[in-house]
1. One residue is enough: does the range 183-195 have a residue meeting the conditions within 16 Å of Glu244 (Cβ to Cβ) and surrounded by fewer than 21 Cβ atoms within 10 Å (Cβ to Cβ)?
2. Within the range 304-352, how many residues turn out to be touching a Leu at 6+ places or on another chain (Cβ under 9 Å) and of a type in the set (Lys, Arg)?
3. Can you name the number of the only condition in (1) more than 21 Å from Ser115 (Cα to Cα); (2) modelled with pLDDT of 80 or more that Leu269 fails?
4. Checking Gln162 against (1) more than 28 Å from Gly282 (Cα to Cα); (2) among the polar types (S, T, N, Q); (3) not in a loop (DSSP other than H, G, I, E, B): exactly one of these is not met. Which one?
5. Pairs under 7 Å by beta carbon, first residue over 20 Å from Pro198 (Cβ atoms) in the range 212-223, partner part of a helix (DSSP H, G or I) and of a type outside the set (A, V, I, L, M, F, W, C), six or more apart or different chains?
6. Based on what the data block shows, is Thr261 of a type in the set (Ser, Thr, Tyr), at pLDDT 90 or above and farther than 28 Å from Pro307 by Cα?
7. What is the residue count in the range 175-185 for residues that are out of contact with any Asp or Glu (no Cβ under 7 Å at 6 or more places or on another chain) and in a strand (DSSP E or B)?
8. Look at Ile254 and say whether it is in contact with a Pro (Cβ under 8 Å, 6 or more places away or on another chain) and modelled with pLDDT under 90.
Amino acid sequence: MIEDDLRAAFARHEELAPPTGPLRAAIDRAVVRRRRRRFRLRLGGTALALVAAALVGFTAMAPRQPEAAQLIGAPATPAPTGALNLLMLGLDAAGPDGSRRADSILLVHVPADRSRLYLVAIPRDLLAPIPGQGTGKINKSFVGGATPAKTDLAAGYDATRQVVSQVTGVRIDAGAVLTYRAARQLTDAVGGVRVCLPTRIRSHHTMRAYPAGCQQLDGAAAVDVLRQRFNMQDGSLDRDRNAERYAAGLLRRIHEQGALTNPALLSKLITQAGSGLAVDTGDISLPTLVQVVGKAATGEPVAVGLPVRPVEKPTYGFGLDPALAPGFLDALRADRLDEWTAAHPDQVVGMR
């Protein structure tokens, strides 16, 4: 009896139920979008690895390496017409608890005219509001986002992206999480990188000396230089400047070899550079992003640091320079960094 009553009730309400076809289609579309997003974030970055490493000087980690041909041959999306901002994070070595911090933070501004790339170094000790942590050094935002796993590169990147976007007031269109390891591999793969140092560097880690002036660095030497901040006049700020010099040199070397426009050579360098990269391309496909960055890379890059000043209390770090930072950030948001750097040549990092 009860079973008959239930069947009758279902029959009475069956006509009121919405058709399942549209709902099923919507669910399927959502699943596909999430899968595509995860594919880009977890595996899709290898095609961008060459560009990202050329901009920052680090190579990334990912669970496994996809086939370069598959990524390079992926369908392109319509090329964006406005300015783009890419966030590249270089991670330090894992601490005793397995956590990592964003040791190098580089915002790459691609102007709408694609005339050149602007490499904006953001000090890792910049004091900024970090969700759930109060005000702290901006490099801590990565480990805060990656908690509790502490190895979730995507979550760490996303947390840092939000903080950088809040500090600068610009939208981050794409980015990557990178480590030191394949800087050696990629540098050696392109036959070394020419870097021009303004002063002599004595390595705190290897005791090797690097003279002032332009010199060709192999992979091991490049990583050694990138790590140095002790015994340098401006400490970590000088390290940021040397990272920009290396990035410009690597980008120049890759452009000279035609890798950004030669799929076969690009594939070869990707393979030599080693495994993976955790990357977020947003709404832009990898081929389109490589095309846009490659076009801007034909011009000489301009490197500049976010204008800051030292802060002693309540903790040591850097705060935005009240005299220079507002104008700089206005120019960044309005895509007028060409005007700002021309008016402030002393803020531009020397590349040669």
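1. Taking every residue of the range 183-195 in turn, at least one turns out to be within 16 Å of Glu244 (Cβ to Cβ) and surrounded by fewer than 21 Cβ atoms within 10 Å (Cβ to Cβ).
2. Number of matching residues: 1.
3. Condition (2) is where Leu269 drops out.
4. (1)
5. If the second residue must be part of a helix (DSSP H, G or I) and of a type outside the set (A, V, I, L, M, F, W, C), the pairs left are Asp218/Thr187; Asp218/Asp188; Gly219/Arg184; Gly219/Gln185; Gly219/Thr187; Gly219/Asp188; Ala220/Arg184.
6. For Thr261, the condition - of a type in the set (Ser, Thr, Tyr), at pLDDT 90 or above and farther than 28 Å from Pro307 by Cα - is not met.
7. 4
8. Answer is no for this residue.
The values are calculated or read from the model by the stated rules, or taken from the named source; none is laboratory data. Note that the structure is predicted; figures quoted are calculated from it, not measured. Glycine also receives a Cβ, built like all others from the backbone with ideal geometry; neighbour counts cover every protein chain displayed.
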